[in-house]
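Shown next, in C-alpha cells, is the structure this report addresses.
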Amino acid sequence: MRAFHAAHPAVTVRTMAHGRAEDGRSSYEILRDRVAACDRVLDLGCGDGLLLELLAERGRRPARALAGLDLSAEELALARRRPGVAQADLRRGRAQQLPFEDGRFDGCVSHMALMLMGEAEQVAAEVARVLAPGGTLAVAVGGGAAGDEGYAAFLRVARPLFEAAPAGQRIPSLGDRRLRSREGFDAVFGPAGFGPVRWETVRIDLTGPPERVWATVGGIYDLGPLDPAVTAELRVRFAREAAALALPDGRIPCAMRVHIATAVRDA
C-alpha cells in the first residue's frame, strides 16, 4: 500500500473528490460536517490533505488545531503544499501507534483509510487514547458498487483478471472486514470506550466522461502490482462495457456506496 501511494500520490482524492451525494456534498465534506463542533481534529490517513484543508475553512470562527497522519511521505509532501494545511501538525506513522499525547483531540476523521488498517482493536484503543472524553470519531468506509453502473461493470470485468494474476501480482486482503458494517464497527470500537455508532449509507455519484470514470475505477489498489499488459487489457474490456452504459451526452453513469460512521468517546 505504501508503494502504491508513492507511485500514485493523491489517488484517493482523484478518485472520489468529484463525487457527490444527493445533497450535493462530497464524502469529504460530509465528514467535515460531522466534526463541525470540534476544535482539535486529527485526520487518520490524511493523504494529500484535502480533508484537512476543508476542516481549516471556518469562516470567522477561530482557527482549528489540526493534525494529520499518513504512511506515505509522498502524500504528506502534497499535503504540506496546501495553503490551508500549512499550520497543521503532519506526521508520518501508523494508527496502531499514534505519535500524539492522551486527550489531545476532540475530533478524529478518516476518509476511506480506517477500513484498510490491520490490528483494528489496537487502532480503536489508540483513537480512544488521543480523543478527549466526549470526542467525536467520524469515518467514511467503502460500501461497494451502487447499482448496475460503471463501478459494477468494472468489477465484473476486473475480478476474473485479478483472480488469474500470479500470486505475486495480487494484493493481499487489507484491513478488517468488521469495520465495513455497523455491528462489526461496534464490536471493535465499543470495547475501546465508544458509544453506539451512528451509521449512514450514502450513494456517491461519480458519473463523468469515460476518461474520468476510468481514473475513478482504476484507482483501486488491486491494479498496482498487475502487469501493464493486463491493466491495458482491463481498460479495453471496461471501455467496451462502459460504452453500453453511456448516457446521451457520452458520460458514463457510475456510483458507489460509502458508509459514514460516527461514534462518540464515552465521557
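Criterion applied to Asp43, Asp39 was being out of contact with any helix residue (DSSP H, G or I) (no Cβ under 7 Å at 6 or more places or on another chain) and acidic (Asp, Glu), and the one residue passing it is Asp39. Hey, among Ala261, Ala239, Ala267, which residue is free of Cβ contacts under 8 Å to residues at least 60 places away in the same chain and at negative phi? Matching residue, one of Ala261, Ala239, Ala267: Ala239. Can you say whether Arg32 is free of Cβ contacts under 8 Å to residues at least 40 places away in the same chain and not in a loop (DSSP other than H, G, I, E, B), as far as the supplied structure shows? It is false that Arg32 is free of Cβ contacts under 8 Å to residues at least 40 places away in the same chain and not in a loop (DSSP other than H, G, I, E, B). Out of Glu200, Glu183, Glu211, one residue alone is without any contact (Cβ under 8 Å) to a residue 24 or more places away in the chain, out of contact with any helix residue (DSSP H, G or I) (no Cβ under 8 Å at 6 or more places or on another chain) and either crowded, with 18+ Cβ neighbours inside 10 Å or closer than 19 Å to Ala261 by Cβ (or both). It is Glu183.
Restricting attention to the stretch 73-110, and to residues there that are in contact (Cβ under 8 Å) with a residue 40 or more places away in the chain and closer than 21 Å to Ser26 by Cβ, which single residue is surrounded by the most Cβ atoms within 10 Å (Cβ to Cβ)? Per the criteria, the residue is Val109.
Listed by position, the helices (runs of 4 or more DSSP H) contained in the stretch 156-267 that have at least 1 residues being under 18 Å from Ala145 (Cβ atoms) and among the hydroxyl-bearing types (Ser, Thr, Tyr) are 210-217. Checking each residue in the stretch 12-25 for being under 15 Å from Asp43 (Cβ atoms) and either without any contact (Cβ under 8 Å) to a residue 24 or more places away in the chain or in a loop (DSSP other than H, G, I, E, B) (or both) picks out only Ala17.
Bear in mind that the values in this text are calculations on the coordinates, not laboratory data. A quick note: this is a predicted structure, and the numbers were derived from the prediction, not measured. Using ideal geometry, Cβ is built from the backbone for each residue, glycine included, and neighbour counts are taken over all protein chains shown.
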